[in-house]
Amino acid sequence: MHNQYLSFVDHWHEIAVVWSQVALYSAIAIFLYYNIMVLKCKRAAAKHQYMSKREIQYYWLTALTLCISLIFYLNSIMVWENTPEAELIWLFKLFVSISIGLAIAIFTNRYFYIYHPFNLEKKLQKLRFRPRVSPVTGQKMHLLTEDEEDVHLTLDMIEHEKINAFEYDVWIDDSSGYKLIEVYKGNLYLDICKKCNYRTAHETKEEIILDDYDLLVQKLIKHYRCYYCDHEQTKTAKLVIEG
Ligand SMILES: [Zn+2]
């Protein structure tokens, strides 16, 4: 049994190198997959929606897989440098490499969920307000302001904007009158925290309750918690029941 164990340890560094490479290639594959999916979105609004929903998850998954690769690599080096003579030393090296990998993983997790949303938001804003070209005249279109756009929106759309469920952008080609309405999901992933002012408040719960005074009115309440400071906040909107 002991001999079997020693033989396993002898080969461990080779096994660890292989797993380190497998994890490394997986990280590259995850990162490439995400970028290909972004490129596949032809329209800016679709790209915007996909990035706002998925970028942080894919970046974090890539980083996590890289950390696993690092853990195996560090361990293989440690085992290789000094042939282990005792099981305890081998276990200790395993523990040290996992600790280093975990520390880096926790740090990158915090980075992607707390600080990366700023960079992502900047990228998304650029994408959203990038000039659109009219397919009719080939000229640049202009984006209407919130007040100007309302005449082009249905009552439902205006209500969606009020409760932040969706946001609509109306682009107009002045010479041909061609109109392009783009829809964005409201609260794109994260909202601004009222306490720390970072865009780190994520939705935790949504509830609809009846108004105490008017039976034809419901209240939609969205609950948020901040990733950064744990502050909790809500947003309330009135929904009028038709009929
Ligand atoms: Zn906060």
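The values are calculated or read from the model by the stated rules, or taken from the named source; none is laboratory data. Only a predicted model underlies this, so the values are computations on that prediction, with no experimental measurement involved. Neighbour counts are summed over all protein chains in view; Cβ atoms, including those assigned to glycine, are modelled from backbone coordinates with ideal geometry. With ligands, DNA and RNA removed, areas are computed over all heavy atoms of the protein, side chains included. Shrake-Rupley method; radii C 1.70, N 1.55, O 1.52, S 1.80 Å.
Data overview
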item	result
Other-chain or far-sequence residues with amide H under 5 Å of His231's (modelled H)	Cys226
Built amide H within the under 5 Å cut-off of Lys195, gap 5+	none
Extension gain, Phe92 back to Ile15 (0.36 nm per residue minus Cα-Cα distance, nm)	25.9 nm
In Å, descending, principal axis extents of the Cα set of segment 53-136	76, 25, 16
Measure of compaction for segment 2-128 (Cα Rg per 2.2 N^0.38 Å)	1.40
Probe 1.4 Å, all protein chains present, accessible-area order of Val136, Val183, Val170, largest first	Val136, Val183, Val170
Percent carbon-and-sulfur accessible area, the chain, ignoring ligands, DNA and RNA, probe 1.4 Å	62
Where N is the number of residues in the chain, Cα Rg divided by 2.2 N^0.38 Å	1.46
Modelled label reach - Lys42, point 7 Å along Cα→Cβ, segment 104-148 residues with backbone N closer than 16 Å	133-136
Phi to ³J(HN,Hα) by Karplus 6.51 cos²θ - 1.76 cosθ + 1.60 over segment 173-182, Hz, x for Gly, Pro	8, 4, 6, 9, x, 4, 10, 10, 10, 10
Among the listed pairs Lys40/Lys235; Lys179/Lys238; Lys122/Lys238; Lys53/Lys162; Lys194/Lys238; Lys47/Lys194, those beyond 25 Å (Cα-Cα)	Lys40/Lys235; Lys179/Lys238; Lys122/Lys238; Lys47/Lys194
Zone residues, segment 110-139, relative to Asn197, backbone N less than 16 Å from point 7 Å out along Cα-to-Cβ	118
Kirkwood Rh, Cα atoms: Rg over Rh of segment 131-189	1.02
Rg/Rh (Cα only; Kirkwood hydrodynamic radius) as it applies to segment 191-243	1.13
Relative contact order [Cα under 8 Å, 6+ residues apart], the chain, whole percent	14
Vicinal HN-Hα couplings computed from phi for segment 95-105 (Karplus, 6.51 cos²θ - 1.76 cosθ + 1.60; Hz; Gly/Pro x)	4, 5, 5, 5, 4, 4, x, 5, 4, 5, 5
Average accessible area per residue (Å²) across the chain - probe 1.4 Å, nucleic acids and ligands excluded	63
